[in-house]
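J.: Dropping a structure here in structure tokens format, bear with me for questions.
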Amino acid sequence: LKLKTLHLDRPKPMAAEGEADEVSAIKALIQRDKSIRETSDRMRQWCRDRFTADRWLDENEREWYALDRLCRSRPWATNRTKAFPYPFREASHRMMQIEGSWVGGL
């Protein structure tokens, strides 16, 4: 009931004089879509500039081996001496060779 009241209290967008509410709503949706696309483009460029696939793989590999060490240190571990190899760098590079560069490239 409280949420319903909040929605009812919101002011409706005003249509320009002589403009139907539907036209005003369509214009608002077009503007929203434009804003979302511009934000997405800026974020994609930001990722290209700052976060390469290799950087992500480096961080992921570090976390992989940290978790591997933690699991191997547990009393129930059956393999305490040999780390499980990190397979994702090679697999990712193979996929990028076939698919082309991902955001951030190689």
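J.: Give all pairs with beta carbons closer than 9 Å in which a residue from the stretch 44-65 that is closer than 19 Å to R89 by Cα meets a residue that is among the polar types (S, T, N, Q) and in a helix (DSSP H, G or I); count only pairs at least 6 apart in sequence or on separate chains.
T.: Once the first residue is closer than 19 Å to R89 by Cα and sits in the stretch 44-65, its partners that are among the polar types (S, T, N, Q) and in a helix (DSSP H, G or I) give A53/S92; D54/S92; W56/S92; L57/S92.
J.: Can I ask one more? Restricting attention to the stretch 76-106, which residues are at pLDDT below 95, touching an Asp or Glu at 6+ places or on another chain (Cβ under 7 Å) and assigned to a loop (DSSP other than H, G, I, E, B)?
T.: A83, F84, L106 - these are the residues of the stretch 76-106 that are at pLDDT below 95, touching an Asp or Glu at 6+ places or on another chain (Cβ under 7 Å) and assigned to a loop (DSSP other than H, G, I, E, B).
J.: Among the helices (runs of 4 or more DSSP H) contained in the stretch 1-75, which hold 1 or more residues that are out of contact with any His (no Cβ under 9 Å at 6 or more places or on another chain), open to solvent by 80 Å² or more (accessible area, probe 1.4 Å) and modelled with pLDDT of 80 or more?
T.: On the way: elements: 2-9, 21-50, 53-72.
Passing ranges, in order: 21-50, 53-72.
J.: Let me ask another. May I ask you to list pairs of residues, at least six apart or on different chains, whose Cβ atoms are under 7 Å apart, with the first in the stretch 78-92 being of a type in the set (S, T, N, Q) and the second being surrounded by 11 or more Cβ atoms within 10 Å (Cβ to Cβ)?
T.: From residues that are of a type in the set (S, T, N, Q), the pairs are N79/R72; S92/A53; S92/L57.
The values are calculated or read from the model by the stated rules, or taken from the named source; none is laboratory data. Small disclaimer: the values here were computed from a predicted structure and weren't measured. Ideal geometry is used to build each Cβ from the backbone, glycine not excepted, and the neighbour counts take in all protein chains shown. Note: areas computed on protein heavy atoms with side chains; ligands, DNA, RNA excluded. Shrake-Rupley method; radii C 1.70, N 1.55, O 1.52, S 1.80 Å.
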